[in-house]
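Worksheet: the structure to be examined is printed underneath.
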Amino acid sequence: KRSRDDALSKRYFAIERKINEQVAESDEESLYRGTISEIDQEAKSMISALLPRKLEWMIFDRVRGRDLDWYISLGACGIEALAAAMGIGVAMNEMCSVDEELVYSDPQTSAAVPEQVDVALRVVLDACAAVASLQRLRICVRDVKPANLMVDAIEHKIRLVDLGSAWSAKNGLGYDPKRSPVSPRYCPPEQFVAPDSPNWRSFDSYSIGLVGLRLLLSPALASNNDLDNFNAEFKKADYRLDKWLGFKLGSTALDSRLDAALAAMHKRRAPASDLWRLLGNMLIQDSAQRLDVNTALRRAQSLLVTKTAVATSEEEADLRQLDAPIIARPGQSEPFPEKLRITLQAPAGLLLEEQDNNVVVIGTKANSPAQALGAPRVGDIVRALEWKNNAVIITNDVELATSSAAKIPHGALFEILVETGKQWNTKQKFIDKSIATMCLAGGYRRRGSTRAACEDALALAASPKSIYRLHDPDYPKRERTEEKIKQVLKSKKIAAVVADGHGGSTASRHCAQRLPELIFAQKSPSMDESLRSAWARCVEEYLEVENGVGAVCAAIYIDLDVQRGVALHCGDCRVVGLDSNGFVLFDTSDHRLDDPLEVEALLNRGGELYEGRVRAGNWLVAVPRALGCNTWRTNGIVPVADLTPFDTNSLSALIIASDGFFDAFSSQDAALYLHALRLFRPLLDTNDLAATLATRAANLYSTDDISVAVVLLD
């Protein structure tokens, strides 16, 4: 290892050398080994010739192979390669290409493998052993991360390297009260730790736990961006692993990669649940309650012994034959029942019973909120209850379900996650109701928790002179930005626009600024043609002023004088129409690349896919349809919009929202939630309804910008 040429690097390099010398002088048997004190003159001359004379250098013993980061970044194929390197003894999957130790896969789409449970346990054990041996020398590492964990495929061990951020509790060497040279992604919540802290031995435990979790949940945490999003979500979950998972399972927009990881864990159910508890205790926020490294090491050793014993038993053989648990995966012959998130008011009046090892709804009490809402239905399986910051996972325990529901304050809103049958999947028939005479519209937008600036824009209009917009530039700042339309818009004619910017807010602001004006400027008697022509003109104008960014958009135009409306969408903003019972009557598609027809059309236009996105110059765009610059268009990304006409006499309300909202809600979830809010919170106006919908999506860990427009037909 050689130092960089700046003063700070040289300072920490000198500290690292001294700490390594302390380690090398010790008799401590360790998975970490310091500098070699004696090397022959020939080797020294060779190194001196290779490196510039001004740079310092150190030689380490037992450092060989690739670092753990390399394996993690490759998803399932990387985990199988790591398992082989650790001597766990699995053959490489046929889907992984192996060529001179190189393994290729796409971590965004690859599956998970049951061996990741064993791999995660072994890595946690070896990392704990290495750090524990250094702690016996009163050294705190402060920089345990995959890039500093080398995989020794010859001895099947993990070797810890790099003590450049370490300090010694013996003499304070390396400690600076004004500086904490740690990697932010793996740093525990306290960020700083002093040699006189009573809990310094649990500092490195957090980092090891996070490394183990990345392996256990592979490929869901394969990239640095995945880890950054997890850290933001985990903080919101108060650093409680079960709470974080409860909220993720409660989302119908569950990441397919997390899906696969949970299914792989289920196939190794016993060791996976034990390891999950261990990691949860290593990731506790309070350093005094968090497991220290030595305790974590003992528990990992105990788990390894237990796992080995179980692996030789008939019980383990039975476990391997179990079907995957609660989540559908590609290739299943039987479609898995749909998951729905239903909002109720306590006490809900549900009648529950245990059937076939599940908690099942068998009826509702008369005049209860559940009966008024019409959901959940008889036969639905209860999977979770959530209210405020509480989440209870329900398996087959009726008493747990009923006692948990009884704790919810009377009148409070709560959510129940159910698995349900095909009756919810089928779009309901259009049922005429009393003719609507007025549209009531409201809107709200908020910046996502992982965004530096809001790129969404929203507009509501009743005429060319009555337009309300949420589209002002949201300059980067620390505090959360949110805003809603100042008053409810009432009119027989309504236009609503929601746009989500890509690479900036210029294009989304253009949509919010011009599209409502252009809709009302059209003279065509056809509403479809008016909206289509307005969009075409909006696109033309943008190409005259564009600066290299783009946007996706959804819009609606309603005229109650003719009892008709039309929805437009380009990209993954979405329009959802629902009836008076909370059923989805129609929803627009998302034009995403998981649709084979969209991919085929893109390739026919000369577009190119790269890592699951469309390559457009220096851009990687998530959708093949968007309002974009000329570079996007020449690479197959087109501003072609689809139109969906509808009759207003069948509708009760519409939701128009950006993809940040639908990261947390399915269309039916959103419809039921809005229906419940109107039923149980009748005093909320349309702006409050939009704000409540968006805020709930953010609380369900949508980290993107969220914009929601709500239109009620009364």
Residue-normalised value, i.e. accessible area per residue, for the range 154-308 at 1.4 Å probe, in Å², stands at 39 Å²
Under a 5 Å amide H to amide H cut-off, with H placed in plane at 1.01 Å, what residues pair with residue 616 once short-range neighbours are removed?
621
log10 of Debye I(q)/I(0), alpha-carbon scatterers only, for the range 657-714 at 0.18, 0.25, 0.30 Å⁻¹:
-0.55, -1.03, -1.36
Quick one: P(r) of the range 119-199 from all Cα-Cα pairs, 5 Å bins, percents rounded to integers, in order of increasing distance.
3, 14, 24, 25, 19, 9, 5, 1, 0
Which of 10/236; 145/267; 339/388; 157/267; 236/484 exceed 32 Å between C-alpha atoms? The answer is 10/236
What part of the accessible area of the range 469-568, given as a whole %, is carbon or sulfur when the probe is 1.4 angstrom?
45 percent
At 1.4 Å probe radius, can you tell me the per residue accessible area of the range 348-390 in Å²?
50 Å²
Net +/- balance of residues flanking residue 416 in space, Cβ distance below 10 Å, scoring K and R +1, D and E -1
-1
What percentages, rounded to whole numbers, describe P(r) for the range 486-532 computed over all alpha carbon pairs with 5 Å bin width beginning at zero?
5, 18, 22, 22, 18, 11, 4, 0
For the range 222-237 and the range 482-541, what is the separation of their Cα centres, given in Å?
35 Å
Please work out the average accessible area per residue across the range 473-538, using the 1.4 Å probe convention, and give it in Å².
51 Å²
Could you let me know the centre-to-centre spacing of the range 256-294 and the range 650-689, using Cα atoms, in angstrom?
35 Å
Using 1/(1 + (r/R0)^6) with R0 = 25 angstrom and r between the beta carbons of residue 14 and residue 191, what's the FRET efficiency to the nearest 0.05?
0.55
Percent relative contact order of the range 115-221, based on C-alpha pairs within less than 8 angstrom and at least six residues apart?
34 percent
How large a share of the accessible area of the range 195-236, in percent, is made up of carbon and sulfur atoms when the probe is 1.4 Å and the other protein chains stay in place?
45 percent
How would 175, 444 line up by accessible area, probe 1.4 Å, largest first?
175, 444
What's the carbon and sulfur percent of the range 596-696's accessible surface, probe 1.4 angstrom, rounded to a whole number?
49 percent
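The values are calculated or read from the model by the stated rules, or taken from the named source; none is laboratory data. Just so it is clear, the model here is predicted, and its values are computed rather than measured. Here the Cβ is made from the backbone with ideal geometry for all residues, glycine too, and neighbour counts use every protein chain on show. Surface accessibility is based on the protein's heavy atoms, side chains included, excluding ligands, DNA and RNA. Shrake-Rupley method; radii C 1.70, N 1.55, O 1.52, S 1.80 Å.
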